[in-house]
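Trainee: If you scroll down you'll find the structure; I have some questions about it.
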Amino acid sequence: MNKSKYNHKVLPLRHALAALLAALLAAPVLTACSDEPDGENFYTFTGEMASDYITTRSQYSSFATVVKRAKLMDALATYGKYTCFVPDNAAFDEYLKNRGLSSLSDLTDADCDTIARTHIISTNIYSTYDMNGDEVHSPNMMRRYIPTIQGFDNDSNAVIFLNKRGAHIYYDLKDDSVENGIMQPINQVLESSNGYAQEIIKTNTNVSTFYEAMLHTGVLEEIINTPYEDENYDPDSYPYYDYSSDGWNERGWVPETKKTGFTIFMETDSVLSAKYNIQKGDIRALYDLACRLYDPVYPDDVNAPGHDFSQLTDSVNPLRRFVQYHVLTRYVPGADKLTPKILRVGSYNGALGFDTQRMNPIDWYETMLPHTMLKIEQATVETNPDYNINYLQSAIKNERYINRRVDNLYPVEADWNRGQHILPTVEAEFDNDGLNAHYFYVDDVVAFTTDVRDRIQNMRIRMDFATIFPELMTNDIRQMGDWLHDQRNRDESSTPKYGKDYYFPKGYLKNVTFNDNCYFVYRRPHTNFWSFEGDEFNIFGDYDFEFKLPPIPYSGEWQVRLGFCALGGRGIAQVYLDGVAQGIPIDMRVYLTDPQMLGISEIMPSSDNETTNVNAYETVRKDPEALAENQKALRNLGVYRGPYASSHVNPESGAATPWVGNWRTYRRVVSQQKMDANVDHYLRFRVASESKTGENNLFMLDYLELVPKSVYGVDGTGQAEDDY
């Protein structure tokens, strides 16, 4: 056994990654797929289960006692997909000493339940190789995420640390496979903060200025007064919903929880001091900075009474706006969940929905500042092959940034477009993850400035529908489940083998309304789905469904586009924007190769072979004029092809097929008109077929695009909107 216990050294996250992966790849590791038992007969087994592993090894007797008192040992004796972080007895001795307890008998049953559930993930199997992000990708049984930090133990072994206090997986004991999961012996008892936002931020003395600003502007009070969990929500009172989608017979469940949370980006006192000469606790100086940033954005409010320093809680006060723009109205437990999940399968290594050699993975999120969003992207592109532009420049590869823009239109990084680097962790002595909030440090001031409004966000805004509704991220629904395994027949278990699909009861999603004859279903991600970021929503029944659109950054002419996959079993819907019908109904049974659309053409010569179409597109793509003419022909029909830099992936080989070769996946323009950035806009879908079509009128919502005229309005010979 590795004898190093609490002394450790941790390299900066990304600096350690390469060395860690090299060490892990050199050693034999057991992946999730190879560890998963195929048996469906619960309690009938011949091999060692997680329960046996814990109870038959004397060095884990303390953990065994805790698990038994938590009444979880029987669960660990059944087939499932468990990852168990197993503290040894020395770890428990240290834990009890730190709590001033003399023995395990001093722990209450509630203590044991919390400890046991903190160390068990009951939904997925994770080897150390799979722990390639900022946290284990699935929550533990306390529904909290365990941080992961790549580093080295005292013997220079590459190990995974599970907190900033030295807890790590023993190098020579890692990835021990059992019949129903994988065991990860560790050197400390893991603990999670049970504090709320106000508690974890207040105790961090390095962000005292921002904390005071949250306090004085009333933003912190608003967070405090938002209930963490709806105590009246009872998932057991809702039946499951069985449905069919493209011939897949699936079962939807309502979410297990109904929580509300927040994510906060904060400048440290040292950043404010070094870059803006704002001394610790100087709220007046921070207010003056907020005036410089926000007065040009809201010039009509400069002389309003609420603008004054004495009115910091007023809705038009620049310091309140400054703080609000730092807060997302959703809980995101780690930096790698801010952008699409990175997959490594076969030859594929990238984010679904993004060719990470051409386009950085990007997601957009609404903030507490009304009618504003943050753009968050992961810096993956070094030199873009289509433009021969260094997209990385001063950014750190694979790190995440707020409101950064380096592309073919802005190829040189400057102060105004470099964005703010999101730091994945904070100092060891502070917690940045609470029950209702998670916070990140940023390396510069985050603000909705005129540059952000007019230049950085003056672009095509593409949003996966799962990012539009905050509840999906806050309640651990988005991008969950086993992406590589299909379940074409209904798994009748309440804990399906490969993950759940969900439907949302009325009132669960904020700013969403629908009638009694409507079911709104979220289908979990699959690599081989013709779906952006792997997942999709389906609307079923005689529906009348409406939701609030994400905000546009400035007033003007905008297109609203709906991205989806057309299939023969789908239906027809009329679209409304702010109550006004928009054109003819969308028929989701029509393909691009149908005569009323593009038809069979030079650029899409096949209606049954994607590879043929991709090759034809690549040939035409070399001729900008021909490509522009094709785009113009489609635009006249109110459609755009699927994005060139998006694809679906074979879950076995990892081979990616770009959407430009698919006659089913395209974007439909549902509205093109002037829109006011200062008001809420609503998009409505109402079933339009006279009788049920396809699979119960199925209407698919995959991704949404908000596109300014500066992007879609390009005209002239050889000119076109980029095909990304």
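The values are calculated or read from the model by the stated rules, or taken from the named source; none is laboratory data. These figures come from a predicted structure and were not determined experimentally. Ideal geometry is used to build each Cβ from the backbone, glycine not excepted, and the neighbour counts take in all protein chains shown. Surface areas here come from the heavy atoms of the whole protein model, side chains and all, with no ligands, DNA or RNA. Shrake-Rupley method; radii C 1.70, N 1.55, O 1.52, S 1.80 Å.
Trainee: If I take every Cα pair under 8 Å that is 6 or more residues apart in the stretch 594-641, average their sequence separation and divide by the length, what percent do I get for the relative contact order?
Mentor: Reported relative contact order: 28 percent.
Trainee: Can I ask one more? Under unit Cβ charges (Lys, Arg +1; Asp, Glu -1), what dipole magnitude, rounded to 20 debye, does the chain have relative to its Cα centre?
Mentor: 520 debye
Trainee: Normalised by the residues of the chain, what does the relative contact order come to in percent, with Cα pairs under 8 Å and at least six apart?
Mentor: 12 percent
Trainee: Now for a different question. So what is the orientation-averaged projected area of the chain, using the convex hull of its C-alpha atoms, in nm²?
Mentor: One quarter of the hull surface, i.e. the mean projection, equals 31.8 nm².
Trainee: Using the Karplus curve 6.51 cos²θ - 1.76 cosθ + 1.60 with θ = phi - 60°, work out ³J(HN,Hα) for each residue of the stretch 417-432 in order, rounded to whole Hz, and write x for Gly and Pro.
Mentor: Taking θ as phi minus 60°, the curve returns 10, 6, x, 10, 6, 8, 7, x, 8, 10, 4, 4, 7, 10, 9, 10 Hz for the stretch 417-432.
Trainee: What is the distance in Å between the Cα centres of the stretch 455-490 and the stretch 513-541?
Mentor: When both Cα centres are located, 10 Å separates them.
Trainee: Spelling out what I want: for every residue of the stretch 141-146, take phi, set θ = phi - 60°, compute 6.51 cos²θ - 1.76 cosθ + 1.60 (Karplus), and round to whole Hz; glycine and proline get x.
Mentor: 6, 8, 6, 10, 9, 8
Trainee: Another question, if that's okay. Can you bin every Cα-Cα distance in the stretch 75-206 into 10 Å intervals starting at zero and give me the percent of pairs per bin, rounded to whole numbers?
Mentor: So the P(r) values, bin by bin, are 11, 40, 36, 12, 1.
Trainee: While we're here: Would you kindly state how much longer the chain becomes between Asp111 and Ser156 on full extension, computed as 0.36 nm times their sequence separation minus their alpha carbon distance, in nm to one decimal?
Mentor: Additional length available on full extension: 12.8 nm.
Trainee: So, one more: Computed from the mean reciprocal separation of all distinct C-alpha pairs, what Kirkwood hydrodynamic radius does the stretch 180-261 have, in Å?
Mentor: Here the Kirkwood hydrodynamic radius works out to 17.6 Å.
Trainee: If packing is taken as the average count of other Cβ atoms within 10 Å, what order do 331-343, 527-539 fall into, highest mean first?
Mentor: Packing proxy ranking, top to bottom: 527-539, 331-343.
Trainee: Shifting gears a bit: Averaging over every viewing direction, what projected area does the convex hull of the Cα atoms of the stretch 457-549 cover, in nm²?
Mentor: Hull-based average projected area comes out at 7.4 nm².
Trainee: What are the residues whose amide H is under 5 Å from the amide H of Gly281, where those residues sit 5 or more places off or on another chain and H is modelled from the backbone?
Mentor: Result for Gly281 returns Thr209.
Trainee: Among the listed pairs Lys337/Lys510; Lys81/Lys341; Lys97/Lys202; Lys174/Lys397; Lys500/Lys692, give every one whose C-alpha distance is greater than 24 Å.
Mentor: Table pairs above 24 Å Cα-Cα are Lys97/Lys202; Lys174/Lys397; Lys500/Lys692.
Trainee: Hey, another quick one. Please give the Cα centre distance for the stretch 596-623 versus the stretch 206-267, rounded to the nearest Å.
Mentor: Cα centroid of the stretch 596-623 versus Cα centroid of the stretch 206-267: 44 Å apart.
Trainee: Cβ neighbours within 10 Å, averaged per peptide: list 399-407, 51-59 in order, most packed at the top.
Mentor: Listed from highest to lowest mean packing, they are 399-407, 51-59.
Trainee: Normalising by the residue count of the stretch 611-724, find the relative contact order in percent from Cα pairs under 8 Å and 6+ residues apart.
Mentor: Reported relative contact order: 32 percent.
Trainee: If amide hydrogens are placed 1.01 Å from N in the peptide plane, which non-local residues have theirs closer than 5 Å to the one on Cys565?
Mentor: Correct list: empty.
Trainee: So, with a 1.4 angstrom probe, what is the percent of accessible area on the chain that is carbon and sulfur?
Mentor: 47 percent
Trainee: Then there is this: About its Cα centre, how strong a charge dipole does the stretch 323-468 have in debye, to the nearest 20, once Lys and Arg get +1 and Asp and Glu get -1 at the Cβ?
Mentor: It works out to roughly 500 debye.
Trainee: Moving on to the next point. For the stretch 678-699 and the stretch 299-335, what is the separation of their C-alpha centers, rounded to whole Å?
Mentor: About 36 Å separates the Cα centre of the stretch 678-699 from the one of the stretch 299-335.
Trainee: Under the Karplus relation 6.51 cos²θ - 1.76 cosθ + 1.60, θ = phi - 60°, what is the ordered set of whole-Hz ³J(HN,Hα) values for the stretch 115-123, x standing for Gly and Pro?
Mentor: 3J(HN,Hα) across the stretch 115-123, in whole Hz: 4, 4, 5, 5, 9, 10, 9, 9, 10.
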